[in-house]
Amino acid sequence: MTLTQQQEFDALVEHAKLAGQARDWQGARQAWVKALELVPPDSEEYRLTKTRIENIDLQLSDKNVWKKWLARLGPVGTFILVTLSKFKLLLLGLTKITTLFSMLAFFAVYWSIFGWRFAAGFVLCIYIHEMGHVMALRRYNIAASAPMFIPFVGAFVRMRQYPGNVGEDARVGLAGPIWGLGSAVVAWLAAITTGLPIWFAIAHTAAWLNLFNLLPIWQLDGGRGFRALTRKQRGIAGAVAIAIWALTHQTILLLIALGAGYRLFSRDYPADDDNVVLMQYAGLIVLLSMLMMMTDRTLRASF
């Protein structure tokens, strides 16, 4: 490509991503199609761009089938369509045989150790965490696999494309703990409503698991989030971890603070601040730690 074509291609890619974030799939598709015309057919950019167009086509075709079928039901169909549009991605992974089988194997292992009630809640919380990643990947039109579960390790989603920049990668990484926080809060609400210790145990474990994932190391979600933070922001994140540790006494926060201190001296920080990622990261530290503290007290009183 010439320099002019490269600049036009980059502008179209940026437009397509913004349209995708706004869920304007038709606008995103048009931009990707125009971008496809600018790159050589044997290039990696051509392959990735074509894959993104195919992903949008698949999503649009799914939407059209549901809309036509539900339109026959009138207002009831409209209500169902709105509801499904919010929750269908959460159920998407369960339609994959590999995800379902690995999930059942994971559930069986933890059932044999902790009982089926805790195992079911634990597996569901991990699944929701992973679907948070899937949701964010779809938002950026990044092809990825459905979640896969491995006993005693956790679960993962394999990306088939790289995010466009560290900001996107950070948001994809932190989407898991954000959705995981939601599952922990639901378990905690069930706990205070029913008073059953099993719900407190599930809420506490889910909160700990998502807080653990915020460690700013390796390929953990916190490590991905930290790549978008400047040196100053990494210092702020570490300070938040220490401040919340002083309040909640959750030991894992010291590990997060140590990791943040180590990352202060690495040279992979960007030039510009990303305040959204910083707010997400710090907010997750605060909320997950507070949730752990509240459930901790109840569990100690129960046992």
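Here are the numbers for the structure shown:
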quantity	calculated
Pairwise FRET efficiency - LYS50 versus ALA271, Cβ, R0 = 25 Å, nearest 0.05	0.20
Lys pairs, the chain - Cα-Cα below 16 angstrom, 8 or more residues apart or on other chains	8
Extension gain, LEU264 back to ILE113 (0.36 nm per residue minus Cα-Cα distance, nm)	50.3 nm
For region 98-302, average projected area of the Cα convex hull in nm²	11.3 nm²
Tilt relative to the chain, helix 166-194 - C-alpha long axis, 0 to 90 degrees, to 10	40 degrees
DSSP-assigned coil residues among trypsin sites (Lys or Arg not before Pro) in region 226-276, each with at most 15 further Cβ atoms within 10 Å	ARG267
Extension gain, ARG160 back to THR193 (0.36 nm per residue minus Cα-Cα distance, nm)	7.7 nm
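Values quoted throughout were computed directly from the atomic coordinates according to the rules given, and no laboratory measurement underlies them. Keep in mind the model is a prediction, meaning the values are calculated, not measured. All Cβ positions, even for glycine, are placed from backbone atoms using ideal geometry, and neighbour counts span all protein chains on display.
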